[in-house]
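Undergrad: Take this structure first; my questions come after.
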Amino acid sequence: MDKCTSCATESSYCDNLCIFIKKRDMEYKGQSFDTMDAIFNEAVRLARTDVEEALRFFSAYIQYIYNEADDLITLAKDERLVVAESRAKSNFGYFAGYYNEDVCDLVYKTFSCSHPIYGDHPFNF
């Protein structure tokens, strides 16, 4: 069995709410992103400099999940897109929780997401 590229769990959909997709790297404008960390960091970089470009990158990430996640193949196209978008938002929300409050706020606002467990205010405990 393969390992999750985000946290190294041996699963196609790990318990840490990550998504393992490793048939091929995500490609965007001639760049290759081989881990969730690389995808997330590029999204944050773009969100800081060009929100419209960040949203295009996020759409490409959703499409990447749509095309590459084996467990979505059996779903109808509309449902597959909804699930892919939900996973993308969950992944970004989860990853943001490892960063400071400023990055969380930026990610949550830009990509309309939140942490899948702690919601959109993970620092208010």
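No value in this document is a laboratory result; all are computed from the given coordinates. Note that the coordinates shown come from a computational prediction; the quantities given were computed from them, not determined experimentally. In this analysis, Cβ positions are derived from the backbone assuming ideal geometry, glycine residues included, and neighbour counts consider all displayed protein chains.
Undergrad: Those residues that are polar (S, T, N, Q) and on the phi > 0 side of the Ramachandran plot, I need them from segment 110-125; list them, please. Don't jump to the end; show me each part of the working.
TA: First, the residues of segment 110-125 that are polar (S, T, N, Q): 110, 112, 114, 124.
The one that is polar (S, T, N, Q) and on the phi > 0 side of the Ramachandran plot: SER112.
Undergrad: Residues to consider are GLU52, GLU79, GLU68, GLU101; find the one that is more than 9 Å from the chain's Cα centre (by Cα) and closer than 23 Å to TYR118 by Cβ.
TA: When all the criteria are applied, what remains is GLU101.
Undergrad: Could you tell me whether any residue of segment 41-55 is of a type in the set (Lys, Arg), more than 17 Å from VAL103 (Cβ to Cβ) and surrounded by fewer than 17 Cβ atoms within 10 Å (Cβ to Cβ)?
TA: Of segment 41-55, the ones of a type in the set (Lys, Arg) are 45, 48.
Then drop every residue that is not more than 17 Å from VAL103 (Cβ to Cβ), which leaves none.
No - not one qualifying residue is present in segment 41-55.
Undergrad: Something else about it: Being exposed (fewer than 15 other Cβ atoms within 10 Å of the Cβ) and within 23 Å of ASP50 (Cβ to Cβ) is true for just one of LYS77, LYS109, LYS89. Which residue is that?
TA: LYS109
Undergrad: Also, I was wondering about something else. I want to confirm something. Restricting to segment 58-74 and keeping residues that are within 20 Å of ALA38 (Cα to Cα) and without any contact (Cβ under 8 Å) to a residue 12 or more places away in the chain, which single residue is surrounded by the fewest Cβ atoms within 10 Å (Cβ to Cβ)?
TA: Among them, the one singled out is SER59.
Undergrad: Collect the residues in segment 92-103 that are surrounded by fewer than 20 Cβ atoms within 10 Å (Cβ to Cβ), of a type outside the set (Val, Ile, Thr) and part of a helix (DSSP H, G or I), keeping them in residue-number order.
TA: GLU101, ASP102
Undergrad: Do we find a residue being over 28 Å from GLY30 (Cα atoms) and among the charged types (D, E, K, R) anywhere in segment 83-97?
TA: Step one: of segment 83-97, the residues over 28 Å from GLY30 (Cα atoms) are 97.
Those left that are additionally among the charged types (D, E, K, R): none.
Taking every residue of segment 83-97 in turn, none turns out to be over 28 Å from GLY30 (Cα atoms) and among the charged types (D, E, K, R).
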